[in-house]
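The values are calculated or read from the model by the stated rules, or taken from the named source; none is laboratory data. Because the structure is predicted, anything quoted here is derived from the model rather than measured. A quick note on method: Cβ atoms are made from the backbone with ideal geometry, for glycine too, and the neighbour counts reach across all protein chains shown.
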Amino acid sequence: MKAWEGCIASPVAERSEKPRNIGLTMVIDKGLGLSATRDLVDVASPYADIVKFTFGTSAFYDKEFCREKIRILRDAGIWVMPGGTFLEVAVWQGRYFEYLKRAKELGFDTIEVSDGTIDMDLGTREEVIKRARDEGFTVISEVGKKDPSEALPMETLCRLVERDVEWGTFKVIVEAREAGRGIGIYDKEGKVKEGEVDRIVSLIGDPNVLIWEAPLKAQQQYLILRFGANVNLGNVPPEDILALEALRQGLRGDTLKKAYREGR
């Protein structure tokens, strides 16, 4: 029983519950230890859907440590995936099949497919996605380049989203890196470029297929006010999971104001 259950109701009744297909929170893990991972589960497992061992950080874990960390998260109903940059290294080195085999041995259940740094032609991308699916993984892909000077035209990016979905991805991440500044839908200060969001939504039939990387509170707030409590958000720091959930459920000032005005 939650601490305030039966006393105070969430102002936002439509918030989805786990297991969910919309309203996903993807958490970025830069190297939590086992105690911190257990703390995350104890405090926030109902509100964290995916944990990404970002970049190539899991390469530095002892094998048994990695397995135990993944087990803790999966036992709590949280999907776990290595970062897309690590996959890019595997593809570049011609070790992708071995990468999938080791990912399965370690206990990962989800694979992120990206080409934010390397070049990956469409044929290779399709093969990479479908092979991971065939091996039993949930696939989450990512579109966009990490270097702003290499940004894809918006029409190209959105066509890639559609292809990834056709090839079997569950959701598609819109690249914004862990800083959320100067890339994707954000300017150098981290402010949302609303015109970019408008263009993406106009070109994508179902925006629920997207996970918007949004590491900063103002970005999360904008996207929740724009798309509702069940927008998919990624690159959320572990310490911000409950703060984000409070935004989703109308338990912080700006989203409470919206719920109050609509409900009074």
For the stretch 89-119, what are the residues that are free of Cβ contacts under 8 Å to residues at least 60 places away in the same chain, in contact with a strand residue (DSSP E or B) (Cβ under 9 Å, 6 or more places away or on another chain) and not in a helix (DSSP H, G or I)?
G107, F108, D109, I111, V113, D115, G116
Being in contact with an Asp or Glu (Cβ under 8 Å, 6 or more places away or on another chain) and under 22 Å from E178 (Cβ atoms): is that true of G84 here?
yes
Mind telling me which of the residues E178, E142 ends up being modelled with pLDDT under 90 and within 15 Å of the chain's Cα centre (by Cα)?
E178
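Matching residues to (1) under 17 Å from the mean Cα position of the chain (by Cα); (2) within 21 Å of V174 (Cα to Cα):
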{"site": "K2", "(1), (2)": "no, no"}
{"site": "A9", "(1), (2)": "no, no"}
{"site": "R15", "(1), (2)": "no, no"}
{"site": "D29", "(1), (2)": "yes, yes"}
{"site": "S35", "(1), (2)": "no, no"}
{"site": "A44", "(1), (2)": "yes, no"}
{"site": "G56", "(1), (2)": "yes, yes"}
{"site": "K63", "(1), (2)": "no, no"}
Name every residue in the stretch 1-31 that is farther than 23 Å from G83 by Cβ and either among the hydroxyl-bearing types (S, T, Y) or without any contact (Cβ under 8 Å) to a residue 24 or more places away in the chain (or both), in order of residue number.
M1, K2, A3, W4, E5, G6, C7, I8, A9, S10, A13, S16
Of the residues in the stretch 21-57, those that are surrounded by fewer than 14 Cβ atoms within 10 Å (Cβ to Cβ) and touching an Asp or Glu at 6+ places or on another chain (Cβ under 7 Å) number 1
